[in-house]
Amino acid sequence: MHNEDRVDSYKYISGMTRRESLKWLGLLAAGSAVSLSAGCSKALEEKISDKGHWPDLDLQPITAKGYGTDPNLVMPPQSPWPLTLTQAQLNLVAVLADYIVPSEGNNPSATEVNVPSVIDEWVSSPYNGQQKDRVTILHGLAWIDDEAVLRYKAPFVALKKEQQTAILNDIAYFDDETPAQFQRIGNAFLRFKNLVLGAYFCTPQGCKDIGYLGNVPIAGDYPGPTDEAKAHLDSVLAELGLTEYAYQDSVAS
């Protein structure tokens, strides 16, 4: 999907089966959903302003059972929980996701690799972390549509590109400079953005985009980390006060 002028008739249609979306859910849960900005976000969350409008949603808890402690992610069974995003919410997720990861050259956009389906799977699953994200994401989606109506008298997906961009420019970054009225949505949108990026880079196309090769055998003896890699590690450990764990070459006795 391209970021052209939107119309109300836009409809996101998943090109992914439940088995496939559950596989990406497992990969996302394994660590890709945690971004490098998570620590910064946690610190800023402590002083988020409550100024500005915020949606009052009555979200019922998801009570379906999960897979247990040892799920089969190679051939997962049919999911015991239903998907919960409405078509309107999926449409909005798709439009936003393609702003975060647009198509560029040979690289597909977020919707072209079915990222909205993975987001739907994520916020619909019954686990504590995902349910916390569900509250954050659904409030964020509702805020964006509310803001679109307040500014332009139409839901976000029906706005023109420049109108959508005007709203996103106000919420796309969450830091100490974020205006008070955009702090809560800035924090929610940051989490949404991290999930979109995590889901995208779990796909084969996303891995190719960042040049990730996976496990590749090394011919001959393992050469060890480069000097640049060791210097970078030493720098990070020093910042964390963990210099004692810095890399040291072994010396034969």
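Applying the set (1) surrounded by 11 or more Cβ atoms within 10 Å (Cβ to Cβ); (2) over 30 Å from residue 50 (Cα atoms); (3) modelled with pLDDT of 75 or more to residue 189 leaves exactly one unmet item: (2). Among the residues of the range 135-168, those identified as buried (at least 18 other Cβ atoms within 10 Å of the Cβ) and in contact with a His (Cβ under 9 Å, 6 or more places away or on another chain) are 143, 147. Within the range 119-133, the set of residues being of a type outside the set (Phe, Trp, Tyr) and not in a helix (DSSP H, G or I) comprises 125, 126. Residues that are at pLDDT 85 or above and either open to solvent by 70 Å² or more (accessible area, probe 1.4 Å) or of a type in the set (A, V, I, L, M) (or both) number at least 3 in the following helices (runs of 4 or more DSSP H) confined to the range 6-118: 87-100.
The residue that is nearest to the chain's Cα centre (by Cα), counting only those in the range 199-217 that are of a type in the set (A, V, I, L, M) and at pLDDT below 65, is 210.
The values are calculated or read from the model by the stated rules, or taken from the named source; none is laboratory data. Source: prediction; values computed, not measured. Neighbour counts run over all protein chains shown; Cβ positions are idealised from the backbone, glycine included. Surface accessibility is based on the protein's heavy atoms, side chains included, excluding ligands, DNA and RNA. Shrake-Rupley method; radii C 1.70, N 1.55, O 1.52, S 1.80 Å.
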